[in-house]
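The values are calculated or read from the model by the stated rules, or taken from the named source; none is laboratory data. In this text the structure is predicted, and so the values were computed from the model without any measurement. All Cβ positions, even for glycine, are placed from backbone atoms using ideal geometry, and neighbour counts span all protein chains on display.
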Amino acid sequence: MSTTTTTQNLTKGGEFLIKETLAADIFIPEQWNEEQLMMKKMCEDFLAQEVYPNITRIEAQEEGLMPSIMEKAGELGILGISVPEAYGGLGFNFATSMLTAEATGAGYSASVALSAHTGIGTLPILYYGNEAQKTKYIPKLASGEWKGCYCLTEPASGSDANSGKTSAKLNAAGTHYVLNGQKMWITNGGFADIFTVFAKIDDDANLSAFIVEKSFNGITLNAEEHKMGIKGSSTRQVFFNDTLVPVENLLSERQNGFKIAVNILNIGRIKLAGACVGASKLVSSQAINYANERNQFGRPISKYGAIRFKLAEQAVKIYASESAVYRASQNIDDAIVALEEGGMESAKAKLKGVEQFAVECAILKVHGSETLDYVVDEGVQVYGGMGYSAEAPMDRSFRDARINRIFEGTNEINRLLTVDMMLRRAMKGELNLMGPAQAVAAELVGIPEFGDADTTLFAQEKKYVANFKKVGLMIAGAAVQKLMATLSKEQEILMNIADVLIEIYASESVLLRTEKLVGMRGEAACAAQLAMMRIYIYDAADKINKAGKDALNSFAEGDELRMMLMGLKRFTKTESFNVRDARQVVASQLIESNKYCF
C-alpha cells in the first residue's frame, strides 16, 4: 500500500529518543495513493450525507437513528476497513484505517459511535477470538448488522482497570459462566448487540474477557447518561445479573483479559489521535471561513494580526500532530509486515506491531487531544460572541472535544505510561537508553564544540532536535540514578519527562515530514510547511526548557543541578527567528484557500 521502510531500516517503538530517523524512512500524508484517498473521500461524503444534516436528531438520540446510520456505514465498508476480506471486510492496512479514522473524526458524536464500534467493539474478537468466534461475529460487526461495545470500566475501577469486581463463575453443568456485575460509561451501550465484557473468574488475580450477546438473559441498562458533550453518543451503565454466557464465549485464555484490554487501548489511543486530527481540520476550516466572512471596522477580521495568529497557530499544531500520527502508523504497518514475513500469524502480528509502538500511541493520544482542545478553544475565540452561541458550530465542537483528554486513558495516565514503558524497555535491554544517557552526562562536563555553522536547509532544525533528545536522556538518566525505586511514585517529575518526550517526537516528526515534502515538491512550493515546522520547533524548545527545569529542580541539587541546568540551557538554545513573519506566511495561505489546506 504505502510501505516505505525496508526491513533493514525498521524502527523499534520508543527508539526515536536514541536513533536518528531519516526523512526517506517515514511515511507522510502527501504520499497517500489514489485508492486510499478514495476511501477518505467516501468517509467525508458519508458525513456530508448522513451525519451533518441529521446532527441535531443524532444529539437528541432519536430512537433507531444512530444504529441506522451505522448500518449505512457498514454497507459502504466503513465499519470493515481493516477487517480481513475473509470476514466480510475490506482488508486495508493499518495506515489506511488511520486515514478513515481521521476522516470520520470530523463527525462530532457520531464519530464516537463509529470508532467505538470499529475499534473496541470489533477488534478484541478479531484479534483474540478463535476461528469459530471470528466466523460467527466479525462479518455481522463489519456489515453493521450487529453493533459492538466494550465493557471494562466500573464505578470503582477506572484507570485501575484490573481491580474490577464483575465476577464469572462456572455453573455446575460446566456449560456456562454466570456473570454478575456493573459496568459504566459504556459507549454504544444503548443499542449494542455484542458486548465484550471483562470479569474475574472465581478468585483469579487477572481479568478474563467474554463475548456476551444482548439476547443472553440478565442484561439490564440504566438510562442514557447526560453528558457535557458527545451528546449523540449512547453512554449507559450495563448490569449483568446471573447472565449465562456459554463457555465457548470465553475470549482468548482465562486471565488474559487485562492484556486484551491494554493492547486494544493502544490501538484506541492512536486511532483517537487520528480522529482528533480530523476534528481539528474541520474546526480550523470553519474558523478560517468565518474570519473571511466576518467584517469589523470595514474589513474581514482575517486581515487582523491577532486573528491571523490564531489561524496560523491552529494550523501549526494540526500539521505537527498529523505528521506524528502517520509516521507512527506506517511504523506500525512496517512492523506488522516484518512479523508476518517472519512467520507470525496475521492477528498476532497486528497486535504485536501496535504493542511495539505503545509509547508512541500514548504520546499521540496526548498530543492529538490537546491539539484539538487548543484548536476548538481558539475557534470559539475567532467566532467571538457567535462562538458562544449554540446556533454556531463551535459550541458543539468545544463540548465534544473535552472528552478526548479523559477516555482511552486520561492524559495524565498516558504521560505516566510514556515514561514507564520507555524505562521498562530499557531495563529489559530492548532499548539502549543508558549508553546514550551516559554520553550526554559526559558531554556536560566536556568543552562544547564550536565548528563552522552548517547553513544547509534543515541543518539548524536537525541540530535542535538532536539537542532536545539530549535533554530527554539527561533528565531521565539523572532521575533514574537519583531516585531509583521511588521514581515511579514521583508523578510530577514523570509528567515533566513525558512532556519533553512528547515535544521531541512531535518536533522530529514535523521536521522529517517537511524535509521529505521539500524533496518531493521543492523548497519554493513548501514555504508554509517550512514556516510551520520552524514555528513548532522554536516553540518546542521553550516547552522542553520549562518542563526540564521543573523536573531538575525537583530532584537535583548543588553542583549537579547547576551543571544540568547549564546543559539544559545549551540544549534548548535557539537562534533568533521572526515568528510573526512565519505565521503570516501560514495565515496567508489558509485565508486564500478559505480552509485548512495542508
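Could you pull out the residue among 114, 99 that is without any contact (Cβ under 8 Å) to a residue 60 or more places away in the chain, part of a helix (DSSP H, G or I) and over 21 Å from residue 249 (Cβ atoms)?
Values: 99 fails: without any contact (Cβ under 8 Å) to a residue 60 or more places away in the chain.
Criteria check complete, one pass: 114.
Comparison of 112, 83 shows that the only residue that is hydrophobic (A, V, I, L, M, F, W, C), over 29 Å from residue 402 (Cα atoms) and not assigned by TED's automatic domain parsing to the domain that holds residue 336 is 83.
One residue alone among 88, 107 is crowded, with 24+ Cβ neighbours inside 10 Å, over 21 Å from residue 329 (Cα atoms) and not basic (Lys, Arg), and that residue is 107.
Name the single residue that is surrounded by the fewest Cβ atoms within 10 Å (Cβ to Cβ) among those in region 470-491 being in contact with a helix residue (DSSP H, G or I) (Cβ under 9 Å, 6 or more places away or on another chain) and small (Gly, Ala, Ser). Only one residue tops the list, namely 488.
Would you check if residue 461 is of a type outside the set (Gly, Ala, Ser), under 30 Å from residue 267 (Cα atoms) and in contact with a helix residue (DSSP H, G or I) (Cβ under 9 Å, 6 or more places away or on another chain)? Give the steps one after another, and end with the answer.
Details: of a type outside the set (Gly, Ala, Ser): yes; under 30 Å from residue 267 (Cα atoms): no; in contact with a helix residue (DSSP H, G or I) (Cβ under 9 Å, 6 or more places away or on another chain): yes.
The answer is no for residue 461.
Would it be correct to say that residue 15 is within 26 Å of residue 138 (Cβ to Cβ) and among the acidic types (Asp, Glu)? Considered against the rule, which asks whether it is within 26 Å of residue 138 (Cβ to Cβ) and among the acidic types (Asp, Glu), residue 15 comes out as no.
Residues that are in contact with a Leu (Cβ under 9 Å, 6 or more places away or on another chain), farther than 21 Å from residue 322 by Cβ and at pLDDT 95 or above number at least 2 in the following helices (runs of 4 or more DSSP H) confined to region 507-595: 527-555, 558-571. The strands (runs of 3 or more DSSP E) found wholly in region 155-251 and carrying at least 1 residues that are under 26 Å from the mean Cα position of the chain (by Cα) and farther than 22 Å from residue 135 by Cα occupy 176-187, 235-246. Filtered by the rule that a residue be surrounded by 16 or more Cβ atoms within 10 Å (Cβ to Cβ) and among the acidic types (Asp, Glu), region 221-238 gives a lone residue, 225.
So for region 33-50 (the condition being part of a loop (DSSP other than H, G, I, E, B) and at pLDDT 95 or above), does at least one residue qualify?
The first filter runs over region 33-50 and keeps only residues part of a loop (DSSP other than H, G, I, E, B), leaving 33.
After this cut, where a residue has to be at pLDDT 95 or above as well, the list is 33.
Among the residues of region 33-50, at least one is part of a loop (DSSP other than H, G, I, E, B) and at pLDDT 95 or above, which makes the answer yes.
Checking each residue in region 468-502 for being charged (D, E, K, R) and either in contact (Cβ under 8 Å) with a residue 60 or more places away in the chain or touching a Phe, Trp or Tyr at 6+ places or on another chain (Cβ under 7 Å) (or both) picks out 469, 470, 482, 490, 492, 499. Of all residues in region 410-425, those that are within 17 Å of residue 160 (Cβ to Cβ) and of a type in the set (Ser, Thr, Tyr) total 1. Note on region 73-94: residues that are closer than 16 Å to residue 347 by Cα and within 22 Å of the chain's Cα centre (by Cα) total 8. Only residues that are among the β-branched types (Val, Ile, Thr) and either touching a strand residue (DSSP E or B) at 6+ places or on another chain (Cβ under 9 Å) or surrounded by fewer than 22 Cβ atoms within 10 Å (Cβ to Cβ) (or both) were counted across region 275-306, and they come to 1.
Residue 127 meets each of the listed conditions (1) assigned to a loop (DSSP other than H, G, I, E, B); (2) touching a Leu at 6+ places or on another chain (Cβ under 6 Å) apart from (1).
Mind checking whether some residue in region 265-283 is over 30 Å from residue 119 (Cβ atoms), modelled with pLDDT of 95 or more, in contact with a Lys or Arg (Cβ under 7 Å, 6 or more places away or on another chain) and not assigned by TED's automatic domain parsing to the domain that holds residue 44? Before the answer, list the steps.
The first filter runs over region 265-283 and keeps only residues over 30 Å from residue 119 (Cβ atoms), leaving none.
Scanning region 265-283, I find no residue that is over 30 Å from residue 119 (Cβ atoms), modelled with pLDDT of 95 or more, in contact with a Lys or Arg (Cβ under 7 Å, 6 or more places away or on another chain) and not assigned by TED's automatic domain parsing to the domain that holds residue 44, so the answer is no.
Counting only helices (runs of 4 or more DSSP H) that fall entirely inside region 334-452 and contain at least 2 residues that are farther than 30 Å from residue 131 by Cβ, the qualifying elements are 358-383, 394-401, 411-427, 434-445.
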